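*Asks:* After the structure tokens below, expect a handful of questions from me.
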Amino acid sequence: MVKICCIGAGYVGGPTMAVIALKCPSVEVAVVDISVPRITAWNSDQLPIYEPGLDEVVKQCRGKNLFFSTDVEKHVFEADIVFVSVNTPTKTRGLGAGKAADLTYWESAARMIADVSKSDKIVVEKSTVPVKTAEAIEKILTHNSKGIKYQILSNPEFLAEGTAIQDLFNPDRVLIGGRQTAEGLKAIQALKDVYAHWVPEENIITTNLWSAELSKLAANAFLAQRISSVNAMSALCEATGADVAEVSYAVGKDTRIGPKFLNSSVGFGGSCFQKDILNLVYICECNGLPEVAEYWKQVIKINDYQKNRFVNRIVASMFNTVANKKVAILGFAFKKDTGDTRETPAIDVCKGLLGDKAQLSIYDPQVTEDQIQRDLSMNKFDWDHPLHLQPMSPTTVKQVHCVWDAYEATKDSHAVCVLTEWDEFKNLDFQRIYDNMQKPAFFFDGRNIVDANKLREIGFIVYSIGKPLDAWLKDMPAIA
Ligand code: UDX
Ligand code: UDX
Ligand code: ADP
């Protein structure tokens with residue numbers, strides 16, 4: 001029986017290993033983590049992450065060939081294949097601060113593997129890492145090897161949160177990079193055999209190590225670039241009277257461009273796009289390519305611009321002040337069907353409104369009040385360091401209220417902002433919401449999910465991203 005151990009029971013490690021266990025009954029999978037609460041949650045009925053379909057997969061395999069444990073060393077010792085799926089946050093200080101990936105967790109995992117191993121192992125990079133990380137890991141392992149042979153593979157994960165299980169069941173492709181030596185090719189084949197249990201052979205791509213590492217950063221940069229491109233168009237649409245949804249549809253009909261990832265929004269978020277692009281920027285700078293670095297930096301700059309533009313629009317249309325006004329925030333997660341708030345545009349939008357002294361009433365179906373308060377009291381980049389949390393600032397606590405219902409959030413408010421496209425927000429009783437709000441009642445749709453004309457008929461003043469502005473908004477122009 002092949003034994004797999006995955007270090008890191010997070011958004012990537014947890015779902016990926018659960019699906020491997022489900023699809024490969026002959027493989028024993030142990031997911032390990034240093035965080036006791038995380039592992040306790042994986043072993044309970046309340047899994048630590050919300051992901052449609054995940055509960056069923058875990059229930060089917062847990063205790064049979066899928067185990068969650070904090071005994072990291074025992075399971076690494078026993079494994080043939082060790083996946084490393086620990087966090088790689090952006091460095092907050094020192095060389096490359098604000099851009100480079102912090103490999104502290106990775107390095108400590110590698111040193112631990114070298115310490116406890118007594119047999120040859122395949123070590124698989126699962127977390128997104130900068131190009132050439134495998135070389136560093138290889139050095140750490142071989143310099144501490146005590147005669148044990150290691151093969152390093154890069155097997156980046158392309159799943160998107162909210163659709164993780166579906167993405168893992170039917171991946172567009174699985175990518176495996178490894179050394180092009182006899183031993184390297186053998187290791188690639190061993191990992192390929194695992195995925196071949198359910199992924200068609202033609203969808204398993206094998207490459208050299210560096211191509212696999214770079215393809216992950218490149219794919220995320222290309223996806224994010226599309227959103228920044230369409231968001232840049234949304235500003236032009238508002239200025240000209242074009243409708244960004246019509247423009248996206250017309251452009252996306254060209255099969256060379258395609259319809260996906262052209263939804264204009266308040267900005268992209270998530271643990272990957274910004275971090276990976278910043279990483280790419282840093283790698284370009286380190287390789288003496290400042291023009292290429294600057295090119296990709298623009299994708300992030302347009303994303304920041306889009307979030308600022310949204311806040312400016314809100315404040316400008318509400319007579320240039322939101323001080324002490326109750327503003328309802330519907331949705332805080334970075335997209336629907338997840339409780340993840342890493343880099344969510346809601347953080348910047350809420351901070352912008354708090355800066356203008358608004359009173360926020362926030363509702364998200366999957367994000368806890370604790371998480372929201374923490375996100376809003378932390379500096380950028382701190383979110384990935386849960387062990388070094390700062391205390392909440394007293395102002396944030398006073399200005400932010402979290403409630404468990406959209407109607408409660410919007411009651412007596414001056415404005416409603418939709419920041420996440422949860423399905424339940426599409427079919428709210430908007431008449432009821434309007435009746436319980438201050439007038440004029442404003443509705444700012446950061447995800448373009450509501451029927452703006454229907455809301456206007458009720459009496460709302462509605463702003464949708466990249467759509468023709470109504471007379472009110474035209475009269476109160478926002479400075480971007
Ligand atoms: C383009 C649009 O494709 C077409 O829809 C529009 O109506 C007119 O402009 P065209 O300029 O004739 O058509 O050629 P196209 O095939 O799009 O190529 C444009 C340039 O891009 C060429 O120099 C081509 O060599 C280059 N190209 C295209 C690449 O460098 N790489 C590619 O993958 C595709
Ligand atoms: C992404 C990549 O899709 C995935 O391949 C990679 O492995 C990890 O990063 P994820 O961050 O889970 O996945 O979510 P994704 O669906 O890509 O959305 C990212 C952000 O872009 C979200 O905030 C989403 O709301 C936003 N988005 C997406 C848009 O604003 N418009 C779009 O058209 C698509
Ligand atoms: P991702 O989104 O990439 O899955 P997460 O932050 O959700 O990232 O998960 C990473 C996990 O890795 C965390 O649960 C963290 O506790 C765990 N981790 C970090 N370092 C180690 C380590 N040395 N050994 C075991 N687990 C670790």
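*Asks:* Which ³J(HN,Hα) values in Hz, rounded to whole numbers, follow from the phi angles of the stretch 215-228 under the Karplus curve 6.51 cos²θ - 1.76 cosθ + 1.60, where θ = phi - 60° and Gly and Pro get x?
*Replies:* With coefficients 6.51, -1.76 and 1.60, one gets 4, 5, 4, 5, 4, 5, 5, 5, 5, 5, 4, 5, 5, 5 Hz.
*Asks:* While we're here: If you count, for each residue, the other Cβ atoms within 10 Å and average over each peptide, how do 318-331, 273-286 line up from highest to lowest?
*Replies:* Listed from highest to lowest mean packing, they are 273-286, 318-331.
*Asks:* May I pose another question? State whether the stretch 271-313 is rounded, prolate or oblate according to the following rule on the C-alpha gyration tensor (a ≥ b ≥ c being the square roots of its eigenvalues): a/c under 1.5 gives rounded; otherwise a/b larger than b/c gives prolate, and the remaining case gives oblate.
*Replies:* It is oblate, given that a/c is not under 1.5 and a/b is not larger than b/c.
*Asks:* Ranking request for peptides 433-439, 309-315: highest mean number of other beta-carbon atoms within 10 Å first, then the rest in descending order.
*Replies:* Sorting 433-439, 309-315 by mean packing, highest first, produces 309-315, 433-439.
*Asks:* Explain nothing, just the number: relative contact order of the chain, from Cα pairs under 8 Å at least 6 residues apart, as a whole percent.
*Replies:* Contact order relative to length: 13 percent.
*Asks:* Could you compute the FRET efficiency for K357 and A182, with r as their C-beta to C-beta distance and R0 at 51 Å, rounded to 0.05?
*Replies:* With a Förster radius of 51 Å, E is 0.15.
*Asks:* Specify the angular offset, from 0 to 90 degrees and rounded to the nearest 10, of the alpha carbon long axis of helix 13-23 from the longest principal axis of the alpha carbons in the chain.
*Replies:* In the chain, helix 13-23 runs at an angle near 60 degrees to the longest axis.
*Asks:* Still on this structure, please answer the following. Can you tell me which of 338-348, 147-157 comes out highest on packing, and rank the rest after it, using the mean Cβ neighbours within 10 Å?
*Replies:* 338-348, 147-157
*Asks:* Quick one: order E28, E457 by neighbouring beta-carbon count within 10 Å, fewest to most.
*Replies:* E457, E28
*Asks:* Here's another thing I want to ask about it. Quick one: length gained pulling V36 to A239 fully straight, 0.36 nm per residue minus the C-alpha distance?
*Replies:* So the chain would gain 67.8 nm between V36 and A239.
*Asks:* Also, I was wondering about something else. Rounded to the nearest 500, what is the chain's calculated 222 nm mean residue ellipticity when only DSSP H runs of at least 4 contribute -39500 (n - 2.57) each, over all residues?
*Replies:* -13000 deg cm²/dmol
*Asks:* To test your reading of the geometry: what angle, between 0 and 90 degrees and rounded to tens, separates the Cα axis of helix 133-143 from the longest principal axis of the chain?
*Replies:* Tilt relative to the chain: about 30 degrees.
*Asks:* Another question about this same structure. Which entries of K351/K411; K454/K474; K99/K253; K91/K351; K126/K336 have Cα-Cα distances beyond 29 Å here?
*Replies:* K99/K253
*Asks:* Would you grab the residues whose amide H sits under 5 Å from the one on A101? Only those 5+ places off in sequence or on another chain, please, with H modelled 1.01 Å from N.
*Replies:* K91
*Asks:* Taking the Cα centroid of the stretch 396-437 and of the stretch 321-357, what is the distance between the two, rounded to the nearest whole Å?
*Replies:* 12 Å
*Asks:* While we're here: Answer rounded, prolate or oblate for the stretch 189-311, using the Cα gyration tensor with square roots of eigenvalues a ≥ b ≥ c: rounded when a/c is under 1.5, else prolate when a/b is larger than b/c, else oblate.
*Replies:* In terms of gyration-tensor shape, oblate.
*Asks:* Between the stretch 86-158 and the stretch 297-317, what's the alpha-carbon centroid distance in Å?
*Replies:* The distance from the Cα centre of the stretch 86-158 to that of the stretch 297-317 comes to 36 Å.
*Asks:* Taking H placed 1.01 Å from N in the peptide plane, check which residues at least 5 places from I329 or on another chain put their amide H under 5 Å from its amide H.
*Replies:* Hits under the 5 Å cutoff: S361, I362, Y363, C417.
*Asks:* Something else now. What aspartates and glutamates sit close enough to K260 to cross-link, taking a C-alpha to C-alpha distance under 17 Å and skipping anything fewer than 8 places away on the same chain?
*Replies:* By straight Cα distance, K260 reaches E161, D167, D172, E246, E421.
*Asks:* So what's the net charge close to L217: Lys and Arg +1, Asp and Glu -1, counting the other residues with Cβ under 11 Å from its Cβ?
*Replies:* 0
*Asks:* Helix 182-195 versus the longest principal axis of the chain: what is the Cα-based angle in degrees, 0 to 90, to the nearest 10?
*Replies:* Rounded to the nearest ten degrees, it is 50.
*Asks:* Does the stretch 221-475 come out rounded, prolate or oblate by the C-alpha gyration tensor, with a ≥ b ≥ c the root eigenvalues, rounded set by a/c under 1.5 and, if not, prolate when a/b is larger than b/c and oblate if not?
*Replies:* oblate
*Asks:* In cubic angstrom, how much convex hull volume per residue do the alpha carbon atoms of the chain span?
*Replies:* Each residue corresponds to 152 Å³ of Cα convex hull volume.
*Asks:* So what's the net charge close to A452: Lys and Arg +1, Asp and Glu -1, counting the other residues with Cβ under 11 Å from its Cβ?
*Replies:* Counting the neighbours of A452, the net charge comes to -2.
*Asks:* Lys and Arg at +1, Asp and Glu at -1: add these up for the other residues within a Cβ distance under 13 Å of T181 and post the number.
*Replies:* Within the 13 Å Cβ shell, the charges total +1.
*Asks:* Still on this model: What list do you get for F430, F332, F460 if you sort them by fewest beta carbons within 10 Å?
*Replies:* Lowest count first: F430, F460, F332.
*Asks:* Sort W404, W210, W422 so that the residue with the fewest other Cβ atoms within 10 Å of its own Cβ comes first and the one with the most comes last.
*Replies:* W404, W210, W422
*Asks:* Of the trypsin sites (Lys or Arg not before Pro) in the stretch 400-480, which ones lie in a loop per DSSP and count no more than 13 other C-beta atoms within 10 Å?
*Replies:* Here the trypsin sites (Lys or Arg not before Pro) that fit, given the DSSP loop and packing criteria, are K426.
Read the figures in this text as sums done on the coordinates, not as results from a lab. Note that the structure is a prediction, hence the values are computed from the model and not measured. So basically every Cβ, Gly included, is an ideal-geometry build from the backbone, and we count neighbours across all protein chains shown.
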